């Protein structure tokens, strides 16, 4: 496994937290409805990195996914993930059209 270190502008990050467990045991990340139907990159954090710049977020990652944002009822949207991602720290960035 190769570990990659990346740096992002904090304003580009739409989610920076752990993957939640859905009622069926799979992973789920809830997002704002404005991202419905868009594609996003999901970066899974491998290790914490010391933050030198206040407007940047630096991470070491071990896995990247390209996922679509789906509808979750009337006012919510979400990204569905496998069970193995539940509880893992992730960062989500939208893919520019």
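Checking each residue in segment 70-97 for being at pLDDT 90 or above, more than 17 Å from residue 18 (Cα to Cα) and not in a strand (DSSP E or B) picks out only 95.
Would you mind listing the strands (runs of 3 or more DSSP E) fully within segment 1-69 where at least 3 residues are surrounded by 14 or more Cβ atoms within 10 Å (Cβ to Cβ)?
The strands (runs of 3 or more DSSP E) meeting that bar are 15-18, 27-31, 39-48, 56-68.
Filter segment 66-83 down to residues that are in contact (Cβ under 8 Å) with a residue 12 or more places away in the chain and farther than 12 Å from residue 28 by Cβ, then give me how many there are.
Taking segment 66-83 as the starting set, the residues that turn out to be in contact (Cβ under 8 Å) with a residue 12 or more places away in the chain are 66-72, 75-83.
Checking which are farther than 12 Å from residue 28 by Cβ leaves us with 66, 68, 71, 75.
Count: 4.
The values are calculated or read from the model by the stated rules, or taken from the named source; none is laboratory data. Everything quoted here is computed from the prediction, not taken from an experiment. Cβ coordinates were reconstructed from backbone atoms using ideal geometry, including for glycine residues, and neighbour counts include every protein chain displayed.
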